[in-house]
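The values are calculated or read from the model by the stated rules, or taken from the named source; none is laboratory data. Owing to the predicted nature of the structure, the values given are computational and were not obtained by experimental measurement. Cβ: placed from backbone, ideal geometry, glycine included. Neighbour counts: every protein chain shown. Just the protein is used for accessible areas: all its heavy atoms, side chains included, with ligands, DNA and RNA removed. Shrake-Rupley method; radii C 1.70, N 1.55, O 1.52, S 1.80 Å.
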Amino acid sequence: MSNEWEVLISAEALQRRVRELGEAISRDYAGREPLLVGILRGAWVFLADLVRCISIPIRCDFMGVSSYGPQTESQGLVRITSDLSEPVTGQDLLVVEDIVDTGLTIDYLLRNLSARRPRTLKICTLLNKPDRRRVEIPLDYVGFNIPSCFVIGYGLDYNQHHRELPFIATLPPSALSVSPPG
Ligand code: PRP
């Protein structure tokens, strides 16, 4: 893989913003014990840093979801690759995502999780691409609004590469390979 990326959000800026999000979550959920639901695979790096910036008791669980196909864009067909380990009825759920792009994945997740009757259901995403939205989603915590470009690092991948980078970077279209849908 060639290193054609350009840093969009530095490691320091990420850590600063994650700290602010952790403080806001700690304030908003004071007196409760929210269940943070990390969406795999992309959100695990963000979630690991976020929980260490939260000063109230929390619990964590994970859901694995995947869009069908190898495309760089969500097609709206989401499948659950691994489910929550316990029922969540009556709990304060905070879904933690790395990025909301078209909104189709989180829209699916919201409908799926609402059906399990949590007490509250909110969303925290590190990155948000508002220009790409295909379905309106109420986002409760947003780290950064970013332009419509392909981003990698800090948990986000391109073909499973680059998740380990400590910053968010952009990949130019010339670095993305093109394949027919299917
Ligand atoms: C990313 C991200 C979201 C989804 C957002 O997951 O983690 O779940 O895309 O896209 P959308 O708003 O257009 O639906 P991805 O499918 O890349 O899988 P990954 O988390 O395993 O990297």
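Out of all the residues in the range 25-46, which are under 14 Å from GLY153 (Cα atoms) and not small (Gly, Ala, Ser)?
Initial filter on the range 25-46 (under 14 Å from GLY153 (Cα atoms)): 41-46.
Within the range 25-46, ARG41, TRP44, VAL45, PHE46 qualify.
Being modelled with pLDDT of 95 or more, open to solvent by 30 Å² or more (accessible area, probe 1.4 Å) and touching a Phe, Trp or Tyr at 6+ places or on another chain (Cβ under 8 Å) narrows it down to one of LEU84, LEU40, so name that one.
On the way: LEU84 fails: open to solvent by 30 Å² or more (accessible area, probe 1.4 Å).
Just a single option satisfies the conditions, and that option is LEU40.
Identify all residues within the range 87-104 that are surrounded by 21 or more Cβ atoms within 10 Å (Cβ to Cβ), of a type outside the set (Gly, Ala, Ser) and within 8 Å of the ligand (Cβ to nearest atom); write none if there are none.
GLU97, ASP98, ILE99, VAL100, ASP101
For SER10, state whether it is over 20 Å from LEU93 (Cβ atoms), out of contact with any strand residue (DSSP E or B) (no Cβ under 8 Å at 6 or more places or on another chain) and either of a type in the set (S, T, N, Q) or at pLDDT below 95 (or both). Give the steps one after another, and end with the answer.
On the way: over 20 Å from LEU93 (Cβ atoms): yes; out of contact with any strand residue (DSSP E or B) (no Cβ under 8 Å at 6 or more places or on another chain): yes; either of a type in the set (S, T, N, Q) or at pLDDT below 95 (or both): yes.
When the stated conditions are applied, SER10 passes them.
Condition (residue is modelled with pLDDT of 95 or more and more than 10 Å from the ligand (Cβ to nearest atom)) applied to the range 133-140: is it met by at least one residue?
yes
Considering VAL78, VAL135, VAL151, VAL45, which residue is open to solvent by 30 Å² or more (accessible area, probe 1.4 Å) and within 28 Å of PRO172 (Cα to Cα)? Steps first, answer last, please.
Numbers: VAL78 fails: open to solvent by 30 Å² or more (accessible area, probe 1.4 Å); VAL151 fails: open to solvent by 30 Å² or more (accessible area, probe 1.4 Å); VAL45 fails: open to solvent by 30 Å² or more (accessible area, probe 1.4 Å).
Only one candidate qualifies: VAL135.
Could you grab me the full set of residues in the range 54-71 that are modelled with pLDDT of 95 or more and surrounded by fewer than 17 Cβ atoms within 10 Å (Cβ to Cβ)? Spell out the reasoning first.
Going residue by residue through the range 54-71, those that are modelled with pLDDT of 95 or more are 54-64.
Scanning the range 54-71 gives SER55, ILE56, PRO57, ARG59, CYS60, ASP61, GLY64.
Filter the range 154-169 down to residues that are open to solvent by 30 Å² or more (accessible area, probe 1.4 Å) and in contact (Cβ under 8 Å) with a residue 40 or more places away in the chain, then give me how many there are.
Filtering the range 154-169 for residues open to solvent by 30 Å² or more (accessible area, probe 1.4 Å) gives 157, 159-161, 163-164, 166-167.
Retained after the next criterion (residues that are in contact (Cβ under 8 Å) with a residue 40 or more places away in the chain): 157, 159, 161, 163, 166-167.
Number satisfying all stated conditions: 6.
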